[in-house]
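Visitor: Here's a structure for you.
What follows is calculated from the coordinates using simple rules that are stated; it is not laboratory data. As the structure is a computational prediction, the values presented were derived from the model and not from experiment. Positions of Cβ are generated from backbone atoms using ideal geometry, with glycine treated the same way; all protein chains shown enter the neighbour counts.
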Amino acid sequence: MRALIQRVSQASVHVDGERIGAIEGGLLALIGVERDDTPERGEKLLQKMLNYRVFSDEQGRMNLGLATIQGGLLLVSQFTLVADTRKGLRPGFSSGATPEEGERLFNHLVERARQAHPVVETGRFGADMQVSLINDGPVTFLLES
């Protein structure tokens, strides 16, 4: 499982013109589910997202995690994140989970996130989404479990 996390001052996701999720300061996490992923890998990735030190302390150093600052977490499924781009000019998706398995594991991640963190918003799995954000920094990291 992969998460492209971005530290944001705000982020939102719309489907068919309707805002379905939004946060103020926190993390936007684009989530890609691979074929061999498990619920345990998702939980490991969640702990990493909640505790990865990307927020500034009083000295301006990135020493604080999302759980510490109690910021928002916006989880958005993005199957293109697991694409193989090493060869040619077209991405390959053979390493990605099936849509059914991807949705099951993404929903498990969301459920666990809501149990562990006070502010969790989501996109809609499989939907054509428009994601807006203000990347703070910019600060962007690719996390893998």
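Visitor: How high is the relative contact order of the chain? Use alpha-carbon pairs under 8 Å, at least six apart in sequence, and give a whole percent.
Guide: Details: 318 pairs, mean separation 56.2, N = 145.
The value is 39 percent.
Visitor: Once the Cα atoms of the chain are picked out, what are the Rg and Dmax in Å?
Guide: In order Rg, Dmax, the Cα atoms of the chain give 14.9, 47 Å.
Visitor: Using modelled amide H (1.01 Å from N, peptide plane; none on Pro or chain starts), what sits under 5 Å from the amide H of Val139, excluding residues fewer than 5 places away?
Guide: Correct list: Arg7.
Visitor: Which value at 222 nm does the chain reach when only helices count, each DSSP H run of 4 or more adding -39,500 (n - 2.57), with the total divided by all residues and rounded to the nearest 500 deg cm²/dmol?
Guide: Taken over the chain, the calculation gives -7500 deg cm²/dmol.
Visitor: Would you please give the FRET efficiency between Asp84 and Thr140, computed as 1/(1 + (r/R0)^6) with r the Cβ-Cβ distance and R0 = 22 Å, to the nearest 0.05?
Guide: 0.60
Visitor: With a point put 7 Å past each Cα toward its Cβ, work out how far Arg124 is from Arg53 in nm, to one decimal.
Guide: Distance between the two pseudo-spin positions: 4.0 nm.
Visitor: Run through the DSSP bridge list for the chain and note the antiparallel percent, rounded to the nearest 5.
Guide: 75
Visitor: On to the next question. Which of Arg112, Arg104, Arg86 moves most in a GNM of the chain, Cα contacts under 10 Å?
Guide: Highest fluctuation among the options: Arg86.
Visitor: What is the sum of charges, Lys and Arg at +1 and Asp and Glu at -1, for the other residues whose Cβ falls under 14 Å from the Cβ of Pro39?
Guide: Summing Lys/Arg as +1 and Asp/Glu as -1 gives -4.
Visitor: Now, a different point. With charges set only on the Cβ (+1 for Lys and Arg, -1 for Asp and Glu), what does the dipole of region 22-100 come to about its Cα centre, in debye to the nearest 20?
Guide: Its charge dipole is roughly 340 debye.
Visitor: Net charge within 14 Å of Ile134 by Cβ-Cβ distance, Lys/Arg positive one each and Asp/Glu negative one each, not counting Ile134 itself? Don't skip to the end; give the middle numbers.
Guide: Details: positive: Arg7; negative: Glu24, Asp136.
With Lys, Arg at +1 and Asp, Glu at -1, the neighbours total -1.
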